[in-house]
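Asker: Here's a structure for you.
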Amino acid sequence: MLKWGVLAVALAVSNPAMAQRAEPVDLDMVSKIRQEAFHRSQVMDTFSHLTESIGPRLTNSPAMAQANAWTRGKFSEWGLSNVHDEAFDDFGRGWEFTSARVEMLGERVQPLHALPKAWTPGTNGPVEGELVQVDIKKLADLEKYKGTLRGKILLLGEAREYKRGTEPDSHRHDATSLEGLQEFTLPKNAAAEKEKRVKEYSERQALAKATNAFFVEEGALAAISISGWDNGIIRVAGGGSRRAGESAGIPELAMISEHFNPLVRALANKQAVKLRVDVAARFTDAANQPGYNTLAELRGSSKADEVVMLGAHLDSWHTGTGAADNAAGVAVMMEAMRILKAVGAKPKRTIRVALWSGEEQGLIGSQAYVAKHFAQFPEPTDPAQKALPASLREPTGALLKRRDYDKFSVYFNMDNGSGRFRGIYAQENLAAMPVFEAWLKPFNDVGATTVASRNTGSTDHISFDRVGLPGFQFIQDKLDYFSNVHHSHLDTWDHAEPEDLKQAAAIVASFVYNAATRDDLFPRKTLKGDGGD
């Protein structure tokens, strides 16, 4: 029977410099986790229900409420404790759509492929109008269209030249690409880059609000913009406004580039183009509502007041089924908790799983949770700063630490598609690297080998990292996440790999168990401006 410390001894023999800091790994428990994850997996059952029974889960939509309820039920069925939804304030209104149809009318009738942007209104039945091209890049551009748009359907922006792909759509890491992740890129002028991002964000938000109101005032019927990707893929996120009291604009859709570009050429050739647009979409709430995260626990024993967390965002965009982004992460994190219950794990620390909402709108759910339970920077009083997302704000004072800040150990996140785990990003926490190397060792044989010192961002572990708490994201095979499915209508079941999700669930279960049973809390890096106490 394998005991605590066997792996640590092996590592120390192979690398004497690690002898004093080798991380013990319970190989008995890891073996049980692997057996349950690889031979009795339920991860695809969970994934399938989220994607093909519930479908896309836009924050505050009826489908999101259904997903919150269903995941609570599964956690309770598996015997987890403290299963509940936790509200975060004033997210906005719910929204859903059921159909969208765009047709070119005239001598040649043609269906055009387009889908609506979230939080934009429906057409209340089919509308028909002449197509006009509108190009608005700054506020001053609005004036030249005044009095010209009533009863028109708007083609927003310009054609985009088609660029043929030179790389395969789907990609798995190999030795070369994994080795490349070991290289740390020194940051450039971070202050200047942030200042640029703040300026661009503020200008973009101001232009969007003004344009929404302008199109309504001018009486335009609908607007169409080009999809962000080629090859018939509709990549679309939000538009309008989810906020009650703000103008949601006019019905707006994203159209595949192969149908958008010919419309631009027709107008450039002075051809009259008439379209019919029919979008069935609605706001499901009259007033702003809170959003909800779903949480559950495997209660600890001797250190139950200390917590290890794992999580993924349950919300998605609305046109696919939210499969890779992020039913994959949710199914893996739920499966990790099921596995730990199934193998009879008895951690010292409480293991808590969180399924976040509002991630796609700026990590809203996880950020609110961290602020309530662990820490936050003071809210800014400057209206300009207050209007910015947390990632772009300047700290307005010392970090406000909550009671549980010093009892938090570590958080693990999954949100880079459905690809196999190949390792983990250490977020510049160098003390974490030998720990992760030891924890990955039992999974080297299924492709997880790499610990990279570099940061990765753009998802919920940043809510923890931003306040000095250890939060991590795994290195994953890309598959076709960034070529076909991310925020697109192709984000469906068929683009996932079941064996990859099984492997990921085993690694997550092992990582959180090891974190919950180690002698000490997980090592922290020093927060900028903090003494590290």
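Asker: If you bin every alpha carbon distance in region 196-287 into 10 Å steps from zero, what whole percent lands in each bin?
Answerer: All Cα pairs, binned at 10 Å, distribute as 13, 36, 39, 12, 1 percent.
Asker: Semi-axes, largest first, in whole Å: what does sqrt of 5 times each Cα gyration tensor eigenvalue give for region 357-492?
Answerer: So the three semi-axes of region 357-492 are 29, 21, 11 Å.
Asker: Also, I was wondering about something else. Among Tyr369, Tyr513, Tyr162, Tyr292, which comes first, then next, by fewest other beta-carbon atoms within 10 Å?
Answerer: With the sparsest Cβ surroundings first, the list reads Tyr162, Tyr369, Tyr292, Tyr513.
Asker: Over 11 Å, how big is the tail of the calculated P(r) for region 311-353, in percent of all Cα pairs?
Answerer: Roughly 68 percent, rounded to a whole number.
Asker: Further question on the same structure: May I ask you to give the average projected area over all directions of the convex hull of the Cα atoms of region 93-197, in nm² rounded to one decimal?
Answerer: So the Cα hull casts an average projection of 13.8 nm².
Asker: Give me the base-10 log of I(q)/I(0) for region 277-348 at each q in 0.15 Å⁻¹, Debye formula, one uniform scatterer per Cα, rounded to two decimals.
Answerer: Debye output, listed in q order: -0.72.
Asker: Lys194 to Leu430: extension gain in nm, 0.36 nm per residue of separation minus the Cα-Cα distance?
Answerer: Stretched fully, the Lys194-Leu430 segment lengthens by 82.5 nm.
Asker: Using just the helices of the chain, give the 222 nm mean residue ellipticity in deg cm²/dmol: DSSP H runs with n ≥ 4 each add -39,500 (n - 2.57), and the total is spread over all residues, rounded to 500.
Answerer: Roughly -9000 deg cm²/dmol at 222 nm, from the helical runs in the chain.
Asker: Past the 21 Å Cα-Cα mark, which pairs from Lys117/Lys194; Lys372/Lys401; Lys32/Lys348; Lys32/Lys441; Lys117/Lys372; Lys138/Lys188?
Answerer: Check vs 21 Å cut-off fails for Lys117/Lys194; Lys117/Lys372; Lys138/Lys188.
Asker: Taking a cut-off of 18 Å between Cα atoms, list the aspartates and glutamates near Lys74, but don't count ones fewer than 8 places away on the same chain.
Answerer: Glu36, Asp45, Glu52, Asp85, Glu86, Glu297, Asp315, Glu335
Asker: So, one more: Could you check how many percent of all C-alpha pairs in the chain are farther apart than 32 Å?
Answerer: 47 percent
Asker: While we're on this one: Put one equal scatterer on each alpha carbon of region 290-414, apply the Debye formula with no solvent term, and list log10 I(q)/I(0) at q = 0.11, 0.16, 0.18, 0.21 1/Å to two decimals.
Answerer: -0.46, -0.88, -1.04, -1.23
Asker: Determine the principal axes of the Cα atoms in region 465-508, then give the extent along each, sorted from largest to smallest and rounded to whole angstroms.
Answerer: The principal-axis extents, from largest down, are 37, 24, 14 Å.
Asker: Which of Arg393, Arg204 has the fewest other C-beta atoms within 10 Å, and how do the rest follow up to the most?
Answerer: Result, fewest neighbours first: Arg204, Arg393.
Asker: Taking the number of other C-beta atoms within 10 Å as the exposure measure, put Leu156, Leu58 in order starting with the fewest.
Answerer: Leu156, Leu58
Asker: Given +1 on the Cβ of Lys and Arg, -1 on the Cβ of Asp and Glu, and no further charges, what dipole in debye does region 276-384 carry about its Cα centre, rounded to the nearest 20?
Answerer: My answer is approximately 680 debye.
Asker: Oh, and also: Mind checking which aspartates and glutamates have their Cα closer than 15 Å to the Cα of Lys199? Skip sequence neighbours fewer than 8 apart in that chain.
Answerer: The reachable aspartates and glutamates, counting only those whose Cα sits under 15 Å from Lys199, are Glu394.
Asker: For region 44-135, count the residues as N, evaluate 2.2 N^0.38 Å, and divide the Cα radius of gyration by that value, please.
Answerer: The reported ratio for this selection is 1.60.
Asker: Taking a temperature of 4 °C and a viscosity of 1.567 mPa s, what whole-number D in µm²/s does Stokes-Einstein yield for region 454-533 with Rh from Kirkwood over alpha carbon pairs?
Answerer: Translational D for this selection: 83 µm²/s.
Read-outs: derived from the displayed coordinates by stated rules, not from any lab. Every value quoted in this text rests on a predicted model; they were computed, and no experiment measured them. Neighbour counts are summed over all protein chains in view; Cβ atoms, including those assigned to glycine, are modelled from backbone coordinates with ideal geometry.
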